[in-house]
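A short worksheet on the structure shown next.
Only the coordinates and a few stated rules stand behind these numbers; no lab work does. Bear in mind the structure is a predicted one, so any value in this text is a computation, not a measurement. Neighbour counts run over all protein chains shown; Cβ positions are idealised from the backbone, glycine included.
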């Protein structure tokens, strides 16, 4: 794997909204990355799909859920799944302990930044505090995996942020200076977030 920065971001995406399913008995191997069929269509089609195809040199396909507003980027290649397992991920259907950020990513700041970008792009949210506080906003990360939440919080603290305590499966970044720091050092690739934060950024200019 040549580009570990891109791989670190891809792993962040999987940790956020991905699922690895393995059934060796039935010869089934699948990676599935979920998103909203409207809000995240551009992100899944124009960023996630090309990112994974470039990393693994295989075709991924996109399918829509029949009854929900969900879109999935999928791959059923065994070689892709086995590579992801080698880099520290675990099958969602076999592991009691859900996957967390692999050690090789946490060992280098730039890799951790890329992984956090993938996590916040998928399970993060940009939340303007208007109308009460028109010039303020929050960035938060939400996940049901408590171990992952703790890791994300500790990772942000290592980088000089002051995230909130974990509350209702969420971590908040609220200080204006740290939101600017987040955008400079980590940033977003998901247009759903960049479109929300653009008006705020223009107001800071």
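Some points to look at:
- Top of 92, 155, 23 by mean-square fluctuation, Gaussian network on the chain, Cα under 10 Å: 23
- Label point of residue 83 set 7 angstrom out along Cα-Cβ; within region 27-57, amide nitrogens under 11 Å from it belong to 52-57.
- Residue 65 versus residue 147: modelled label distance in nm, points set 7 Å from Cα along the beta carbon direction: 2.6
- Region 4-92: translational diffusion in µm²/s, Stokes-Einstein, Kirkwood Rh over Cα pairs, 10 °C, 1.306 mPa s: 120
- Modelled spin labels at residue 74 and residue 103, positioned 7 Å past Cα toward Cβ, are 3.5 nm from each other.
- Space enclosed by the convex hull of the alpha-carbon atoms of region 109-204, per residue, Å³: 95
- CD proxy at 222 nm, helix term only [per DSSP H run n ≥ 4: -39500 (n - 2.57); per residue of the chain; nearest 500]: -13000 deg cm²/dmol
- Footprinting exposure proxy for 127, 182 (fewest neighbouring C-beta atoms within 10 Å first): 127, 182
- Over region 109-204, Cα pairs under 8 Å with separation of 6+ residues give a relative contact order of 31 percent.
- Neighbour counts of C-beta atoms inside 10 Å place 65, 26 in the sequence 26, 65, starting with the fewest.
- Inter-label distance, nm, simple model (7 Å from Cα along the C-beta direction), residue 26/residue 136: 5.0
- Tail beyond 22 Å, pair distance distribution of the chain (Cα, percent): 49
- Packing order of peptides 112-122, 45-55, highest average first: 112-122, 45-55 (average count of other Cβ atoms within 10 Å over each peptide's residues).
- The chain, relative contact order [Cα under 8 Å, separation at least 6], %: 22
- Square roots of 5 times each gyration tensor eigenvalue, C-alpha, region 49-146, largest first, Å: 29, 20, 15
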